[in-house]
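A short write-up of the structure that comes next.
The values are calculated or read from the model by the stated rules, or taken from the named source; none is laboratory data. What you are looking at is a predicted structure, and each value in this text was computed from that prediction instead of being measured. All Cβ positions, glycine included, derive from the backbone under ideal geometry; neighbour counts span all protein chains shown. Ligands, DNA and RNA are stripped out before the accessible areas are found, and what is left, the full protein with its side chains, is counted by its heavy atoms. Shrake-Rupley method; radii C 1.70, N 1.55, O 1.52, S 1.80 Å.
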Amino acid sequence: ILVYPRVLQNLFPLTALIFFFYTGVCRSPLGMSRGQILDEDISASSQWSDSTAAKYGRLDCEEGDGAWCPEIAGEPENMNEFLQIDLRSLHFITLVGTQGRHAGGIGNEFAQTYKIKYSRDGSRWISWRNRQGKEVIEGNRNAYDIVLKDMEPPIIARFVRFMPVIDHSMNVCMRVELYGCEWLDGLVSYNSPLGQQMTLNGQHVHLNDSVYDGAMSYSMTEGLGQLTDGMCGLDDFTHSHVYNVWPGYDYVGWSNESFPNGYVEIMFEFDRTRNFTTMKVHCNNMFSRRVKTFQKVVCYFRSELDWEATPISFSPVMDDVNPSARFVTVSLYNHMASAIKCQYYFSDIWMMFSEITFQSDTAMYNTTLAPPKTGPPIRDDPTHKVDDSNTRILIGCLVAIIFILVAIIVIILWRQVWQKMLEKVSRRMLDDELTASLSIQSETFTYNNNNSPSSVPSEQESNSTYERIFPLGPDYQEPSRLVRKLPEFSQTSEDTGEFQNVQEGVPHYAEADIVNLQGVTGGNTYAVSALTMDLLSGKDVAVEEFPRKLLTFKEKLGEGQFGEVHLCEAEGMQDFMDEDFSFDVIENQTVLVAVKMLRADANKNARNDFLKEIKIMSRLKDPNIIRLLAVCMSSDPLCMITEYMENGDLNQFLSRHEPEGMIALLSNAPTVSYSNLHHMATQIASGMKYLSSLNFVHRDLATRNCLVGKNYTIKIADFGMSRNLYSGDYYRIQGRAVLPIRWMSWESILLGKFTTSSDVWAFGVTLWEMLTFCKEQPYSQLSDEQVIENTGEFFRDQRRQIYLPQPPMCPDPVYKLMLSCWNRNTKERPSFQEIHHTLLDCIGY
Ligand code: ADE
């Protein structure tokens, strides 16, 4: 902050700068109250007890017994008790604060008066005095209020001691703080001839260095004083704004009569060797009183021990027009030095300086930071500028930084506005779409009195039991929340927990009643509303009990979280069959069946889900849906007996096969013709048409969930999501939910909405699998996270979404069908009826 380049000086008048300086620049607490000053750097001459040790002398802190209290022994007037702070480096201290010991009302000790001593090297201690020479500072009046005192003159020191002035009347405790900033100038002392006295119209003008803290005899040695006190003198040297001081107070001045060589020599000592760029000398130029800036300066540099032979010399242009006091800037040409000796040559009878500052590598003070003693702005005289290159670089850098910052702000704002606009548009689209689709669902859902579902296909919505996932980029708003915020949306379902049906007399559809079934081998089976469950369930389960003893285990077909699937021979199964089913009859009355068994140790939830699945499955009767034949429920383990499909699941089946053509010929692999492929796809569409007509939402349609029987017969099943073979097809959200994200529509992933439309999306992916012969996972080049990001692109619909590519053997109309299944707008996706029709009529060979 102390860097105050000229460009800013020109922008702000110096009066503002003074205010700036006084209010904020060099008045920061140095760390007693906030703890930047470590306990080990706080010491004391003595302490009353451990709980009143030096480290408790921190302003505004209540630790220990609430303050530092010295041990008072002997006569108070002889006592020199002190609390000492080591700031570790030189600091410019402008303000001090003190407080007594209050300790929550128990304490009442404070220092009514105190003194300050300071040291730059830790050995020579200097008593601070104010500008009037007074040493004693008025302290506290009570134990709790903080009293701040300006240091006038400021202190340049590393060590500071607070010395309570103790009398007989009371014990003393103190808490203190120092305020200021680091002294980057590095100047530790200047040696100069004593300032002199001028007689002006019979009046004495004292041009001595009244605050010099070094030794003063014939000359001034080893101290700092007015030339570094941060106060610039007025244009009229006889005046000062410092209260109650003598004429000439601001300046240190010399008459040429006392200096036969024609110059005044001042030597400056620094804390270390530095690389000096400039020296700034604040000079009076009241030429009417025979006072002028120096006409020449010659500076010698001492690095290490020796003085350099060649000095630098500079002669400013004399100004006989403007009597203002001013800084004269002298370039020091990057000389390395730990001491500088300058000879300032008289150009008239008197020469008067009020400030001298140095700019070096680390120190970038500008002398104008020093608060002048009076108001009128002091500006550099352009004729005296010597080397402005640093300033120019600084200005250049500042301007560049400002431009960069402005550019960044503009970009950020632009991005935000743009994003907001996009979001707004997307939200509106999404809102329209969802509001419309929800109202359509509630409007079109019909329910006839004979407890059977309407054959009018309508979209069935199931709320996912899965955790919703929103792992898109940080700038991506969770759409479901966006949607939920929309008043129309919250009215439809989420707040009331149900979709209001607008049709008179039609029972409403409670979304909360959606049932998610857990397949015995792991995941869910079909999602179905409780209403549909009632429709389906009737009084009894529409399937008969099968005598367990007539089942003979053949082999294990699969295993899941909640049970196993076995291939069994079932004796007498014909009695349980409809005439539309034919089974492999082994010997006389034996058929092969698949038996799903619930693990004996399955929990209650799994058991309930198993029972629900039985209820639902028992009512599903379609040539393309796996058929439940019988159950074993009279004893554990609970069993579901389904038809057996000898070719296993479609995924494995197609993986084992090749399309007809060269590759198959060369590899001698079994083939599946396109027309068989088409036949199988049509069967899946047909099965799904049936399910959708019942408002069943499958939620996991994929080749892995379709079974292949003889002659390319297909039956849709649901094996759940925990089959090891297909674990890679499911995205696991931190061990909680597993989602077949590569088959899922954008709204299922982002909104958790599973509908027949999202089953249509999955059908498109299933078709794609089939036409690639399941040789590749969908979006195999994308990671799970990228798939989800791609879902975000489907939502944003800015043509950045990636579609599955057209498989090599896929006819255009089939790919077109797939693309229609992946339409962003759920309403624009085809129904299964349409899909089935298209496959049957249009794109078969
Ligand atoms: N694996 C699980 N269920 C099956 C079934 N019904 N047919 C063939 N394999 C199966």
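Summary table
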quantity: Hull volume in cubic angstrom per residue (convex hull over the Cα atoms of region 284-327); calculated: 85
quantity: Exceeding the 32 Å Cα-Cα cut-off - candidates Lys604/Lys827; Lys115/Lys341; Lys615/Lys753; Lys556/Lys775; calculated: Lys604/Lys827; Lys115/Lys341
quantity: Rounded to the nearest 10 Å², the accessible area of Asp609 at probe 1.4 Å; calculated: 20
quantity: Phi to ³J(HN,Hα) by Karplus 6.51 cos²θ - 1.76 cosθ + 1.60 over region 833-840, Hz, x for Gly, Pro; calculated: 4, 5, 4, 4, 4, 4, 5, 5
quantity: Amide hydrogen neighbours beyond the local backbone of Tyr731, cut-off 5 Å, H modeled; calculated: Leu739, Ile741
quantity: Sites Asp812 and Val417, calculated FRET efficiency, Cβ-Cβ separation with R0 41 Å, nearest 0.05; calculated: 0.50
quantity: Hits among lysines - C-alpha to C-alpha of Lys621 under 17 Å, sequence gap 8 or more where chains match; calculated: Lys612, Lys689, Lys715
quantity: Cα pair distances in region 735-845, grouped into 5 Å bins until the bin that holds the longest one, percent each; calculated: 2, 12, 23, 25, 21, 12, 5, 1, 0, 0
quantity: For Ile625, distant residues with modelled amide H under 5 Å away; calculated: Ile716
quantity: Taking region 100-232 and dividing mean pair separation by its residue count, relative contact order in percent (alpha carbons under 8 Å, at least six apart); calculated: 23
quantity: Residue-count net charge about His102 - beta-carbon cut-off 15 Å; Lys, Arg +1, Asp, Glu -1; calculated: -2
quantity: Where region 85-157 is the region considered: accessible area per residue in Å², 1.4 Å probe; calculated: 42
quantity: Cβ-defined net charge surrounding Leu90, 15 Å radius [Lys, Arg +1; Asp, Glu -1]; calculated: -4
quantity: Amide H within-cut-off set for Leu95, under 5 Å, with H built and near neighbours excluded; calculated: Met151, Tyr179
quantity: Accessible area in the full protein assembly, largest first, 1.4 Å probe, for Tyr779, Tyr644; calculated: Tyr644, Tyr779
quantity: Antiparallel %, DSSP beta bridges [both residues in region 644-739], to 5; calculated: 80
quantity: Nearest-10 value in Å² for the accessible area of Met216, using the 1.4 Å probe; calculated: 100
quantity: Average Cα contact separation per residue, region 710-823, under 8 Å, 6 or more apart, as relative contact order %; calculated: 24
